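The values are calculated or read from the model by the stated rules, or taken from the named source; none is laboratory data. This one's a predicted model, so the numbers in the text were calculated from it and none came from an experiment. Here the Cβ positions follow ideal geometry from the backbone for every residue, glycine too, while neighbour counts run over all protein chains shown.
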Amino acid sequence: MLNNRKVRIMTQLAIYEKKEGRPDFRLAKYYKMDYARFNALKTILWVTIAYIVGLILVAIYKLEYLLDNAMTIDYKALGWTVLGIYLGIITVYVIGSLVGYSIYYTLSRKKLGRYYKMLGRLRSMYKEEDEYK
Amino acid sequence: MIIKILEIRTFLLKIYQKGRFIINPLIRFFVALLVFKGINDNIGFDTRFMGTTVTLCLSLICAVLPSGMIVFLAMALSLVHVFKASMFVAALMFLVYVILYATLMRFSPKQAIVSVIIPLLAGKNLHYSVPLVLGCIATPLSALPCACGLIIYYMFPIVKEAAARQVALNLDDIMQLYLDIVDKILDNKMMFVAAAVFALVITVVFVIRQFSFEYALVISIGAGVVTNILGFLVADLKYSSTVRIGLLILMSIVCGLIAYAAEFFKRVLDYTAIERVQFEDDDYYYYVKAVPKINLSMPRHNVRRMVDNEGEEDDDYEEHADISIVGNDDVRYEEYTEDDYNVDTDTSDIELEDDSRRFPGFSMKKETPAPEPVPSFAKSSDKKTAYEKFDGFDFDDEDATYTDYGEDELEEADSKFDNLTDDDKDVKYVDYEDDDFT
């Protein structure tokens, strides 16, 4: 004899596991700050790559000026400028990614919490059935 | 009129729900086809990739894979075309794509498709609908792929012109070409303005739709349209751009309607039937405002056909009758024809009430109940039907009995069992007595 309630819960659990739950289960392996920091590290790597590429393109654009004033350029100030801009961009991106991924993690945990609640309900239904047997 | 529109909406949603496993790949296929065709038409330098076969094959691949593949293949195809014309410009384009992915696209991978949709729609000035729709369904983070799409849209004509220039492969000419490209990109203020305006529109729509006042969704789209128009007008004043203001206003309104249509298919709320409740639990006191959704079900039209069953065996007879008699030729359920039931099969004069207009989604049909089969022994000898025996009979009279069946008729019915014995195979009968008929 089918228990309709049990079938309904199991169906909802299966749908969640198949679709929305996949990234949520991956996230569940991390702590919140670990996940946010890991993604911040990935962001730093990609932004650094993009900054280096952008710097090369700017250098090529300003190549004529650099070659003409190669002896007179204050390389120390130039280096500090380049580093300062880099740190500024990285700061913005790191803060943004920490906040963004933390919010994403929180929302994912809420969905996962609902999933585990349903799982607990299913477990108690199995226990009731075992007691009747 | 509104009910008809809601019925059409329900009908279309039902079709989509039933066939979304086919419809979603079809949509991806057509979007990919349009994107690849647009790339071929704009920067089709490599004729090997301009054929219909290649376009169809790439579109088929995109149909079965996630939507991010459309973006990847579109970028690859554009690089292949530009590489054929100018290796240097292709290298520059590749570096720009790397920067765009690293800084903009990787944070919103689900909306990456926007970066190819915007260049596709911008040709018809319909790209204003994209930030309005994104503000309704996504977060302000979707402004990043939006900016990506705008940069690609404004960069393509510059790249096309640069790639078409025949330059010698020496450093001076390549440098000059590179400087021209970068100068044109940096001079194109509209690219940055459009990105800023779209980001603002997405934010405005997103913020306003979060509020709980009535018609917040509609107001948010309206506010987005106004923000879009004002943003581009200010840009036009500041940078003296070539934006046609009349066309801008008209297309912004059209795109607002498109965004409203998209939201209409997502949900329809009935603000006239708002319910406000208050309750509490151990931790909180709740003020709840419930706005019902309008879900109209399609009226179902059941067609019932009354077919003449004369001469056909009624296999369900035994399920309905109290007895089933097999083996005696004198007693057969086949003796009953449709006339015995005295049922009028002509349904043309039956008026069916249709309440679907007063009660949307509800249709009430009056159905003629099927007559119950009458046991063979109740058939009277003077050819009167069993039902006619009840003419003038008061069914509501609790003291009434079935005395219309006279003693003679009962004896005649009983006599049909006289020839049966217990040895007869598969004989089942019930010895009816007078009390059974009261």
Tell me which residues, restricted to segment B:249-297, are within 19 Å of B:Thr227 (Cα to Cα), without any contact (Cβ under 8 Å) to a residue 24 or more places away in the chain and touching a helix residue (DSSP H, G or I) at 6+ places or on another chain (Cβ under 6 Å). B:Ile249
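Does B:Leu120 qualify as being assigned by TED's automatic domain parsing to the domain that holds B:Arg209, hydrophobic (A, V, I, L, M, F, W, C), touching a residue at least 60 places away in the same chain (Cβ under 8 Å) and not in a helix (DSSP H, G or I)?
Numbers: assigned by TED's automatic domain parsing to the domain that holds B:Arg209: yes; hydrophobic (A, V, I, L, M, F, W, C): yes; touching a residue at least 60 places away in the same chain (Cβ under 8 Å): yes; not in a helix (DSSP H, G or I): no.
No.
Here is a check on your reading of the model: is B:Val31 surrounded by 18 or more Cβ atoms within 10 Å (Cβ to Cβ) and away from chain A (no Cβ under 14 Å)? Working first, answer last.
Values: surrounded by 18 or more Cβ atoms within 10 Å (Cβ to Cβ): yes; away from chain A (no Cβ under 14 Å): yes.
Yes.
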Failed criterion for B:Asn40 (all others in (1) exposed (fewer than 15 other Cβ atoms within 10 Å of the Cβ); (2) in contact with a Leu (Cβ under 9 Å, 6 or more places away or on another chain) hold): (1)
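For (1) free of Cβ contacts under 8 Å to residues at least 40 places away in the same chain; (2) more than 14 Å from chain A (Cβ to nearest Cβ), each residue gets a yes or a no:
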residue: B:Phe94; (1), (2): yes, no
residue: B:Ile99; (1), (2): yes, no
residue: B:Arg106; (1), (2): yes, no
residue: B:Ala112; (1), (2): no, yes
residue: B:Lys124; (1), (2): yes, yes
residue: B:Val130; (1), (2): no, yes
residue: B:Leu177; (1), (2): no, no
Among the residues of segment A:26-66, write down those that are among the acidic types (Asp, Glu) and either closer than 16 Å to A:Leu87 by Cβ or within 11 Å of chain B (Cβ to nearest Cβ) (or both). A:Glu64
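Out of segment B:57-80, which residues are of a type in the set (A, V, I, L, M, F, W, C) and within 17 Å of B:Asn24 (Cα to Cα)?
Our first condition is that a residue be of a type in the set (A, V, I, L, M, F, W, C); within segment B:57-80, this holds for B:57-58, B:60-65, B:69-77, B:79-80.
Residues satisfying the conditions are B:Leu58, B:Leu60, B:Ile61, B:Cys62, B:Ala63, B:Val64, B:Leu65, B:Met69, B:Ile70, B:Val71.
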So how many residues does segment A:97-117 have that are under 26 Å from A:Tyr51 (Cα atoms), without any contact (Cβ under 8 Å) to a residue 12 or more places away in the chain and out of contact with any Leu (no Cβ under 9 Å at 6 or more places or on another chain)? 1
Taking segment A:67-94 as the search range and keeping residues that are within 14 Å of chain B (Cβ to nearest Cβ) and either in contact with an Asp or Glu (Cβ under 9 Å, 6 or more places away or on another chain) or more than 17 Å from A:Ala50 (Cβ to Cβ) (or both), which one is surrounded by the most Cβ atoms within 10 Å (Cβ to Cβ)? A:Asp68
With respect to B:Tyr153, is the statement that it is within 29 Å of A:Ile90 (Cα to Cα), touching a helix residue (DSSP H, G or I) at 6+ places or on another chain (Cβ under 9 Å) and within 13 Å of another protein chain (Cβ to nearest Cβ) true? no
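Suppose the filter is crowded, with 22+ Cβ neighbours inside 10 Å, away from every other protein chain (no Cβ under 14 Å), more than 12 Å from B:Phe36 (Cα to Cα) and not hydroxyl-bearing (Ser, Thr, Tyr); does B:Val82 pass it?
yes
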Within segment B:262-275, of all residues that are in a helix (DSSP H, G or I) and closer than 12 Å to B:Val218 by Cβ, the one modelled with the lowest pLDDT is B:Tyr271
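Tally the residues that are within 14 Å of chain A (Cβ to nearest Cβ), assigned to a helix (DSSP H, G or I) and touching a residue at least 40 places away in the same chain (Cβ under 8 Å), restricting the search to segment B:132-142. Please lay out each step first, then the result.
Step one: filter segment B:132-142 for residues within 14 Å of chain A (Cβ to nearest Cβ), giving B:138-142.
The next check asks that each one be assigned to a helix (DSSP H, G or I); those that pass are B:140-142.
After this cut, where a residue has to be touching a residue at least 40 places away in the same chain (Cβ under 8 Å) as well, the list is B:140, B:142.
Qualifying residue count, segment B:132-142: 2.
Only one of A:Arg26, A:Arg37, A:Arg5 is in a helix (DSSP H, G or I) and more than 29 Å from B:Thr103 (Cα to Cα); which?
On the way: A:Arg26 fails: more than 29 Å from B:Thr103 (Cα to Cα); A:Arg37 fails: more than 29 Å from B:Thr103 (Cα to Cα).
Going through A:Arg26, A:Arg37, A:Arg5 in turn, just one is in a helix (DSSP H, G or I) and more than 29 Å from B:Thr103 (Cα to Cα): A:Arg5.
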Would you please list the contacts, defined by Cβ atoms under 7 Å and residues six or more apart or on different chains, that run from a residue in segment A:20-36 that is farther than 17 Å from A:Val99 by Cβ to a residue that is among the aliphatic types (A, V, I, L, M) and not in a loop (DSSP other than H, G, I, E, B)? A:Asp24/A:Leu112; A:Ala28/A:Leu112
Can you tell me how many residues in segment B:38-61 are within 13 Å of B:Met75 (Cα to Cα) and modelled with pLDDT of 90 or more? 4
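Only one residue in B:Lys189, B:Lys160 is away from chain A (no Cβ under 14 Å), modelled with pLDDT under 90 and within 23 Å of B:Ile70 (Cα to Cα). Which one? Steps first, please.
Details: B:Lys189 fails: within 23 Å of B:Ile70 (Cα to Cα).
None of the others qualify; the one that does is B:Lys160.
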B:Ile99 is checked against (1) more than 23 Å from B:Glu161 (Cα to Cα); (2) modelled with pLDDT of 90 or more and fails just one. What number does that condition carry? (1)
